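**Student:** Quick one: the structure is below, questions incoming.
The values are calculated or read from the model by the stated rules, or taken from the named source; none is laboratory data. Keep in mind the model is a prediction, meaning the values are calculated, not measured. FYI the Cβ positions are ideal-geometry reconstructions off the backbone, even for glycines, and counts take in every protein chain you see. These area figures cover heavy atoms from the full protein model, side chains too; ligands, DNA and RNA do not enter into them. Shrake-Rupley method; radii C 1.70, N 1.55, O 1.52, S 1.80 Å.
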Amino acid sequence: MSKKKIILMVIISLAFIGGLIAIYYLTENSEEFKVTGTVVISSNDYVVLESDEDNYLVKDVKNSYEVGDEVLFTYLKKSLDDTKQLLEITAIDEKIIKAAKKDIKTENIDDLEEQEGQDNEVVIDSEVIKEEETQVFSDNTVDATEKQNNDVSVSKEIVDIKEDEALTEKKEENKKEDIREYVPKEEVIVSDSLTKEEVVSKSADEEVLAYVNSLESDIDQGITSTLKNGFITIVDFLFYDGEIAGHTFSELTTRAKLEVLKAALWVDDKVDNIFPGYKETISNGANKAYNSVKNLIVSTYLDITSSICHNNSDLCESAKRDFQSLKDSFGFTWDLIKGLASSGLDKLASWYEIWSGK
């Protein structure tokens with residue numbers, strides 16, 4: 001056999017093998033799969049699906065779904081990204097299997113109309129009898145009705161006034177909060193435009209954060225004698241109306257609250273590592289959740305961040321970035337977030353945005 005023929009056969013063989021590999025790859029990745037589950041988060045172009053085995057982020061969703069809908073999604077194998085905590089797939093077909101149960105039950109309209117008709121007949125008969133037997137009372141009834149209507153009108157005016165006053169007061173509080181968020185520390189002391197309340201709030205930020213920073217510094221230097229008491233002080237400050245430097249958690253600005261919560265997670269982790277079992281010991285006989293405070297801290301951080309993301313985009317982005325760092329450092333899994341929101345799935349959508357960094 002000539003050398004040219006051998007080379008030609010080798011080329012043909014390699015091309016044939018390459019073709020087989022390409023066909024296999026295309027066939028393998030074009031294989032369709034189906035997954036059925038319950039929608040736990042619904043957005044404009046994606047949903048988070050909870051199935052019996054895994055949780056999925058389903059992208060390119062064309063239809064709108066309600067939380068609780070049971071849906072069948074079809075996807076190609078090549079779209080599956082199984083490196084994420086939420087398996088990511090791209091839907092190529094979707095079908096609702098069972099709609100979510102509504103809170104308001106729909107009753108039979110014909111039965112309602114029939115019942116309504118019967119009620120009207122009874123009312124009419126009753127009115128005829130009363131008109132024949134108690135005509136004398138009709139004028140008094142009219143007078144009483146007019147008086148009642150007048151009273152209702154006056155009451156409504158009073159309620160409207162109170163609502164306007166409450167709305168004005170709320171707006172003023174929001175303005176003060178905005179000032180507290182954006183005024184630099186040095187301006188707080190010298191600015192004549194700030195109210196006494198705002199100066200006190202900024203002072204609360206500084207004094208509380210000084211305590212927290214000092215505790216962290218001691219631990220970094222290997223000084224752990226203050227860790228136990230510091231842990232209890234911070235937990236009581238956050239969740240049990242405790243005080244730090246004479247201030248309560250509610251006195252802090254939103255930014256400072258997030259800083260304290262971040263520090264609390266760090267302190268909680270240090271207690272677990274340096275004094276294992278300590279939290280269980282102090283929780284015995286105490287009506288305080290020292291041994292599960294991590295979940296409380298995470299929930300509070302997510303709630304505050306969800307709130308500020310509605311009206312403060314700069315602080316929202318900062319809080320989201322910080323949470324990504326916390327998620328990596330402390331291993332906040334999707335199962336943890338979902339479990340914390342199990343009693344209120346309405347907040348899970350906003351929590352997911354923060355957890356995922358979207």
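**Student:** Using the structure shown, select from K78/K327; K84/K279; K262/K358; K95/K358 the pairs with a Cα to Cα distance greater than 30 angstrom.
**Tutor:** Distance filter (> 30 Å) returns K84/K279.
**Student:** Okay, moving on. Tell me the trypsin sites (Lys or Arg not before Pro) within the stretch 29-71 that lie in a loop according to DSSP and have at most 13 other beta-carbon atoms within 10 Å.
**Tutor:** Those that pass, being in a loop and sparsely packed, are K62.
**Student:** Evaluate the distance, in nm, between pseudo-label points positioned 7 Å from the Cα of S225 and of K84 along their respective Cα→Cβ axes.
**Tutor:** Placing both labels 7 Å beyond Cα along the Cβ direction yields 5.1 nm.
**Student:** What figure, in Å² to the nearest 10, do you get for the accessible area of L80 with a 1.4 Å probe and non-protein molecules left out?
**Tutor:** 60
**Student:** If each residue of separation counts as 0.36 nm, what is the full-extension length gain between E31 and T248 once their alpha-carbon separation is subtracted?
**Tutor:** Contour length minus Cα-Cα distance gives 72.2 nm.
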